[in-house]
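> Could you have a look at this structure, given as structure tokens, before my questions?
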Amino acid sequence: MATHTIAVAGKGGVGKTTTCGMMIDYLCKKQKGPLLVVDADANSNLNEVLGVEVEETLGDIREEIAHAEIASVSPIPVGMSKADYAEFRFNSALIEEDDFDMLVMGRTQGKGCYCYVNGVLKTQLDKYIGHYNYTVIDNEAGLEHIARGTLPHVDTLLLVSDCSRRGIQAVGRIYEMVQELELKPGRICLIVNRAPEGKLDDGVKAEIEKFGLDLVGVLPQDETVYRCDCEGKPSAKVPDTTPVKQALAKIMEKLGF
């Protein structure tokens, strides 16, 4: 099965994960599945946005296995190799929901590089990705996963910014990095989030033109999303009649999803 991979990137605090969650909700309601959802941001909370309970991340399992050999009582069954146990445990990290399956990278407890868990994520993606129509990846603030080859080829890279000039400059730098690294996604588009009344200031428009960004749509500031977050409810599930959901639906239709 040929999967269409959508990666969402942008600096922290601009609503990237909430936007990603709403896109997933849209694809599920349009019955575009089977769908694989990947939380590839060690600091992300995509599961909360979607209302999914996560018991273990790939990072959690990596820590368990790392400590297995020095533990007084090893969790590895007698007669099972460490490699076989690792394969078994990492396979158990796939969360199966009614409308989608989900992998969460998570973070390790140790200091420094995430190279090991990045490698685990790549292995799991290579194993599963061919079984889905769409793979939607909530990426980290930068492009480490894409640049290192952790993620598969990206068909659609969606850069998410808020409606500030600094926000546009941040995604503009990501756009330039994509060109410099010759990552060659199928297409790169910009979504501007949290715009008052869904309108952009002339200065922001000029900044978008300066970087040559392909603006595919603007999402308005929506009180419903804020209230959802304050009440601890999954913000991806706000009603489809809200302004932000209606604007997102138009963007998804424009993108051909």
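The values are calculated or read from the model by the stated rules, or taken from the named source; none is laboratory data. Remember, predicted model here, so these are calculated numbers, not experimental data. Positions of Cβ are backbone-derived with ideal geometry, glycine not excepted, and every protein chain shown enters the neighbour counts. Note: accessible area is taken over every heavy atom of the protein model, side chains too, but ligands, DNA and RNA are not part of it. Shrake-Rupley method; radii C 1.70, N 1.55, O 1.52, S 1.80 Å.
> Might you report the magnitude of the Cβ-based charge dipole of the chain about its Cα centre, with Lys and Arg at +1 and Asp and Glu at -1, to the nearest 20 debye? Walk me through the numbers before you get to the answer.
Values: 28 positive and 39 negative charges, 138 e Å.
So the dipole magnitude of the chain works out to roughly 660 debye.
> May I ask for the Rg/Rh ratio of the stretch 156-257, computed from Cα atoms with Rh as the Kirkwood radius, given to two decimals? Could the numbers behind the result be given before it?
On the way: Rg = 14.5 Å, Rh = 14.5 Å.
Result: Rg/Rh = 1.00.
> With every protein chain left in place, what is the accessible area of Val218 in Å² (1.4 Å probe, nearest 10)?
Number for this one is 40 Å².
> Could I ask something else about it? Could you pull out every one of the lysines with an alpha carbon less than 27 Å from that of Lys32, ignoring same-chain neighbours closer than 8 positions?
Leaving aside lysines fewer than 8 places away in the same chain, those within reach of Lys32 are Lys16, Lys122, Lys127, Lys184, Lys233, Lys237, Lys245, Lys250, Lys254.
> With an 8 Å Cα cut-off and a minimum separation of 6 or more residues, compute the relative contact order for the chain in percent.
On the way: 437 pairs, mean separation 73.9, N = 257.
Across the chain, relative contact order equals 29 percent.
> Counting only protein chains, not ligands or nucleic acids, how are Thr241, Thr3, Thr135 ordered by accessible area (probe 1.4 Å), most first? Intermediate results must be reported in sequence, preceding the final value.
Values: Thr241 105, Thr3 35, Thr135 0 Å².
The residues order as Thr241, Thr3, Thr135, largest area first.
> How much of the DSSP beta bridge set in the chain is antiparallel, as a percent to the nearest 5?
Given both bridge residues lie in the chain, the antiparallel proportion sits at roughly 5 percent.
> If you bin every alpha carbon distance in the chain into 10 Å steps from zero, what whole percent lands in each bin?
7, 30, 34, 20, 7, 2, 0
> Could you check which residue among Ser161, Ser74, Ser92 shows the biggest mean-square fluctuation in a GNM of the chain with a 10 Å Cα cutoff?
Ser74
> Which residue, Val54, Gln179, His67, has the largest displacement toward the positive end of the dipole of the chain when charges sit on each Cβ (Lys, Arg +1; Asp, Glu -1)?
Gln179
> Quick one: Karplus J couplings for the stretch 154-167, per residue in order, coefficients 6.51, -1.76, 1.60, θ = phi - 60°, nearest Hz, x for Gly and Pro?
Per residue, the Karplus-derived 3J(HN,Hα) values read 9, 7, 10, 9, 9, 8, 10, 10, 7, 8, 9, 5, 5, x Hz.
> If the stretch 1-84 were replaced by its equivalent ellipsoid, with semi-axes equal to the square roots of 5 times the Cα gyration tensor eigenvalues, what would those be, largest first, whole Å?
One finds semi-axes of 34, 17, 11 Å for the stretch 1-84.
> What is the gain in length, in nm to one decimal, between Lys205 and Asp240 on full extension, counting 0.36 nm per residue of separation less the C-alpha to C-alpha distance?
Values: separation 35, 0.36 × 35 = 12.60 nm, distance 2.75 nm.
Gain in length upon complete extension: 9.8 nm.
> Oh, and also: Could you tell me which of rounded, prolate or oblate describes the stretch 154-197, using a ≥ b ≥ c as the square roots of the eigenvalues of the alpha-carbon gyration tensor, with rounded for a/c under 1.5 and, failing that, prolate when a/b is larger than b/c and oblate otherwise?
Oblate, since a/c reaches 1.5 and b/c is not below a/b.
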